[in-house]
Amino acid sequence: MVKNESMRILSRNIRRYRKAKGYTQAVLAEKIDKTVEMVCQLENGMVSTKISTLDKIADVLEVEAYQLFMDKNALRIDEFSPELTDLLLELQDQTPEYIKAVAHLIKTPKN
């Protein structure tokens, strides 16, 4: 049983990102140097883990650690401006490198 809402979101996201990469629990466990049982329990919200382990999981799954805690239902695309919606739709199929380059461009100070 999941202990609280944060654990539920974390558990669901680890499972979702793992499956999106095509990894089994065994593959993820091996890549983060943990047991399959630990990964299973983490995905079921039965245990918590160290931040360093979450960093490893995020690295292996190629996401930022904070994304493991984001409730994908919290942000609804239909609440964004049309311009932002168009931008997000354009970015959804791009490579991580391309998205990072766009993010860098957006964050660059304008002089």
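The values are calculated or read from the model by the stated rules, or taken from the named source; none is laboratory data. Since we're looking at a predicted model, the values are computed, not measured. FYI the Cβ positions are ideal-geometry reconstructions off the backbone, even for glycines, and counts take in every protein chain you see. These area figures cover heavy atoms from the full protein model, side chains too; ligands, DNA and RNA do not enter into them. Shrake-Rupley method; radii C 1.70, N 1.55, O 1.52, S 1.80 Å.
Give the residues of region 10-41 that are of a type in the set (A, V, I, L, M, F, W, C) and touching a helix residue (DSSP H, G or I) at 6+ places or on another chain (Cβ under 6 Å), sorted by residue number.
Of everything in region 10-41, those that are of a type in the set (A, V, I, L, M, F, W, C) and touching a helix residue (DSSP H, G or I) at 6+ places or on another chain (Cβ under 6 Å) turn out to be Leu10, Ile14, Ala26, Leu28, Ala29, Ile32, Val36, Val39, Cys40.
Tell me yes or no: at least one residue of region 3-13 is part of a helix (DSSP H, G or I), aliphatic (A, V, I, L, M), surrounded by 14 or more Cβ atoms within 10 Å (Cβ to Cβ) and touching a residue at least 60 places away in the same chain (Cβ under 8 Å).
The answer is yes, given that some residue of region 3-13 is part of a helix (DSSP H, G or I), aliphatic (A, V, I, L, M), surrounded by 14 or more Cβ atoms within 10 Å (Cβ to Cβ) and touching a residue at least 60 places away in the same chain (Cβ under 8 Å).
Would you check which residues across region 17-60 are open to solvent by 60 Å² or more (accessible area, probe 1.4 Å), touching a residue at least 24 places away in the same chain (Cβ under 8 Å) and among the basic types (Lys, Arg) and list them?
Lys21, Lys31, Lys56
Looking at (1) modelled with pLDDT of 80 or more; (2) of a type in the set (A, V, I, L, M, F, W, C); (3) open to solvent by 70 Å² or more (accessible area, probe 1.4 Å); (4) closer than 28 Å to Tyr23 by Cα, which is the only condition Leu105 fails?
Checking Leu105 against (1) modelled with pLDDT of 80 or more; (2) of a type in the set (A, V, I, L, M, F, W, C); (3) open to solvent by 70 Å² or more (accessible area, probe 1.4 Å); (4) closer than 28 Å to Tyr23 by Cα, the one that fails is (4).
Within region 61-74, how many residues turn out to be open to solvent by less than 50 Å² (accessible area, probe 1.4 Å) and either among the β-branched types (Val, Ile, Thr) or more than 12 Å from the chain's Cα centre (by Cα) (or both)?
The total comes to 1.
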